[in-house]
Structure formats: C-alpha cells, structure tokens
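Report on the following structure.
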Amino acid sequence: MAEQTGDLREQVRANYAAAALQVAEGGTACCGSEGIEIDESFGAGLYAVEERGTLPAEAVAASLGCGNPLAVAELREGERVLDLGSGGGIDVLLSARRVGASGKAYGLDMTEEMLALALANAKKAGATNVEFLKGAIESVPLPANSIDVVISNCVINLSVDKPAVFAEMFRVLVPGGRIGVSDVVAEDHLTAEQRAERGDYVGCIAGALSVAEYRAGLEAAGFTEIGITSTHQVADGMHSAIVRAVKPTTASGGLPQAAAAAGSGACCGDSAPCCG
C-alpha cells in the first residue's frame, strides 16, 4: 500500500512538472494523461476575462483547476491566504491583489518546476505580498493559527491522504478561519471502481471523494458550517464543486476537535500534520 501511495504521488508530481515545463516553453498546460480529453471543465476558461487579462500569460496558461475558488473565498483587505497546490500561481496572484499590501498570499506546491514558474510569474506581475513554499499539502510548512483563509483548486482530490490534508487545513487556520475550495467530487452512488472508469488519478477523477465522504472528512477534522455545491459536470456522475467550511472560533491550537474529543493522544507540530 505504501509503495502504491508513493507511485501515485510521483505520477502527480511528474505530470505537473511536465505541465510547468510545457508552459515555460510557450505551450499550454493540461490536466490528465493523453487519454483524457480536457475541455472547458478545466483551466483558465473558468475565470472571468477581466481576471485573466491582468495576469502574466504563463500564469493563465498553467491553470489546471476545475473552478475559481476566489469567486467564493470572499477575501478581504489584510487577510492571510494559503493556496494548496498553487501551481503556476494564478490563484495566489489574484488573492494577493484582493488582500492588498497589508495582507499576504502563500502558495504551496511540491513541484520544483511549478514553483519556478510561479516565482517567475510573481516577478512579472510585480507582486510583493506573495510567498511560495515547497512542500506537500499533507504537511504544510506554516505554524498553527497563522492563516485566515485556505483555498485550493482541483488539488485535494489528487492527495493520497485526504484526512491529513483536512487536518492540516484546520491546524493552520486561525479560529474563525475558513476554506473556499474548488474540487472534483463524485455522486454518492458511485463506487471507487466506477470513479476510476471515468478517468485516471492524475487526471483529477479517480481520486475524488464522494460528497458524503468529503463532508465526513471535514467534520472529522473539526470543521463546521460545511457546504458543498456542484458547479458543473466534468464526467458522468462527477462534478466540480465549491467547498466551504469554517474552523469554529472556540477551536484551539492545531488539534482537530474530533481528535481531542476522542482523547486519541494526537499531536500537532508547527509544520507537521497530526500524528498519533
């Protein structure tokens, strides 16, 4: 199982590294293998023309998302926002503009090639309130209670350890902090085998949770006010969705409430997911 997990993670890394290099050479990125047809369900076309037109062409070309999390994140001046799986930086750069000079936008990615592309795009955009970090979304290199808003665009479905991702989002958020995520979700009646038939793991399909699984995962991490709203179909029984949730104002430090209530002895460091 560990070997399979490592193989999937490497497939994801290699796919997005290739996409970054393709954009750097003047091409356009794509999400998925050659056998998966990608259309208007993914990419920069999901952003308003006025948003795309103000960014470096390479940031737009590298967009691999399935939605526009900024449309629902309701970012405010002075907030600190973290983009999980930031890729070429399109959502980080747009977030930086919304939070202004008194705020900050972080981008986290595990792919060296994407990080290099994002840094180049930030320089071209003249963005000074951004920071790109190398790391896995299952182990965010930021302290607990340091982020106001977590966003992500079609990346959580790629994780091989989604409970760790949910726990890390909860940990880094301040009490009262919120998430605004675009992700692919499956209708509850689809089995894992049926999801795999609709697309590969790297192509953002086979790794998707069902709506019920997604909600249960966020609840287990301690989130409340959870909302999962489908926006458009990306495959039969599979939808892009906007996911919202809030870390309760009574929540402490980095320990998910569910783990605390269970007395599991889980622990959280400043840069590591909860560990039993």
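In a shell of Cβ-Cβ distance under 12 Å around ILE179, excluding ILE179 itself, what net charge do Lys and Arg (+1) and Asp and Glu (-1) give?
Result for the neighbourhood of ILE179: -3.
Can you compute 3J(HN,Hα) from phi for each residue in segment 95-101, using the Karplus curve 6.51 cos²θ - 1.76 cosθ + 1.60 with θ = phi - 60°, rounded to whole Hz and x for Gly and Pro?
Once rounded to whole Hz, the list reads 5, 4, 5, 6, 8, x, 5.
Using 7 Å Cα-to-Cβ label points, what is the SER230/LEU133 separation (nm, one decimal)?
A separation of 3.5 nm, rounded to one decimal place.
Which log10 I(q)/I(0) values, to two decimals, does segment 87-132 give at q = 0.20, 0.22, 0.31 Å⁻¹ under the Debye formula with one point per Cα?
After summing over all Cα pairs, the log10 values are -0.52, -0.63, -1.14.
Sort 218-224, 73-79 by packing, meaning the average of other beta carbons within 10 Å per residue, with the highest value first.
Answer by packing, highest mean first, reads 218-224, 73-79.
Students often check this: by mean Cβ neighbours within 10 Å, which of 114-120, 188-194 ranks highest, and how do the rest follow? Provide the component values of the computation, followed by the final result.
Details: 114-120: 21.3, 188-194: 11.6.
So the order, starting with the most tightly packed, is 114-120, 188-194.
Could you give the nm distance between label points at LYS123 and GLU213, where each point is 7 Å from its Cα heading toward the beta carbon?
It works out to 4.1 nm between the two label points.
Cut-off under 18 Å on the C-alpha distance; same-chain residues fewer than 8 positions from LYS124 excluded. Which lysines are left, in chain and number order?
Output for LYS124: LYS104.
Let me see the pair-distance distribution of segment 110-257: every alpha carbon pair, 5 Å bin width, integer percents in order.
Cα pair-distance distribution for segment 110-257, in percent: 2, 10, 18, 20, 18, 16, 11, 5, 1, 0.
For an R0 of 25 angstrom, estimate the FRET efficiency from the Cβ-Cβ distance between ALA196 and ALA116 and round to the nearest 0.05.
The formula returns an efficiency of 0.20 here.
Values in this text are rule-based calculations from the coordinates and carry no lab data. All values derive from a computational prediction rather than experimental measurement. Ideal geometry is used to build each Cβ from the backbone, glycine not excepted, and the neighbour counts take in all protein chains shown.
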